[in-house]
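Presented below is the structure to which this report refers.
The values are calculated or read from the model by the stated rules, or taken from the named source; none is laboratory data. Only a predicted model underlies this, so the values are computations on that prediction, with no experimental measurement involved. Positions of Cβ are generated from backbone atoms using ideal geometry, with glycine treated the same way; all protein chains shown enter the neighbour counts. When the accessible area is computed, the model is the full protein with side chains, heavy atoms only, and any ligands, DNA or RNA have been set aside. Shrake-Rupley method; radii C 1.70, N 1.55, O 1.52, S 1.80 Å.
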Amino acid sequence: MQQQDFRTKIGSTVFGVRATALVVKDNCLLVIEDEDGYYTIGGAIQINEATEDAVVREVKEELGVISKVGKLAFVVENRFEQAGVHYHNIEFHYLVDLLEDAPLVMQEEAKQLPCQWIPLNQLHTVPLKPVFLKTALPEWDGKLRHIHLEE
């Protein structure tokens with residue numbers, strides 16, 4: 001039986017709860033490169049799943065490696081539109097340590113995408129999503145931040 005996640009669609013809006021891994025090593029962020037930009041690893045949490053457990057699961061599903069969750073850095077209320085669909089996500093962004101070397105390919109079902117390490121001081125030069133990470137992550141002071149985003 002497939003596990004149900006915290007996503008629902010009402011009209012043209014998708015509501016969801018998402019857990020994201022901020023994998024930082026040697027002052028570089030591990031990102032996935034897709035046709036329209038760079039993304040962090042993560043996805044919707046499942047019903048009855050803690051956000052920390054969701055991050056570990058997503059890293060294992062997407063990278064095939066074991067990880068350890070660190071500090072919760074950002075809680076984000078993110079509203080945006082993509083391909084004609086409106087999204088309203090509540091996102092938990094955790095610092096994550098990989099306990100194995102990261103592959104440079106993300107595998108999600110049949111989809112494979114390249115991964116790369118981008119220096120934190122160069123995040124502002126790439127089309128990173130969500131955009132707030134370009135400045136918030138390099139400037140992060142170790143304290144939990146609550147961020148509201150709206151396109």
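Taking the listed residues Glu77, Glu91, Glu109, the one that is more than 17 Å from Cys28 (Cβ to Cβ) and more than 16 Å from the chain's Cα centre (by Cα) is Glu109, with no other qualifying. Applying the condition of being within 24 Å of Val65 (Cβ to Cβ) and charged (D, E, K, R) to the range 102-151 and asking which residue is surrounded by the most Cβ atoms within 10 Å (Cβ to Cβ) yields Lys129.
Can you find, within the range 83-101, the residue that is most open to solvent (accessible area, probe 1.4 Å) among those that are among the acidic types (Asp, Glu) and assigned to a strand (DSSP E or B)? Among those residues, the one meeting the criterion is Asp97. Set side by side, the residues Phe80, Phe74 differ, and just one is open to solvent by 20 Å² or more (accessible area, probe 1.4 Å) and closer than 16 Å to His148 by Cα, which is Phe80.
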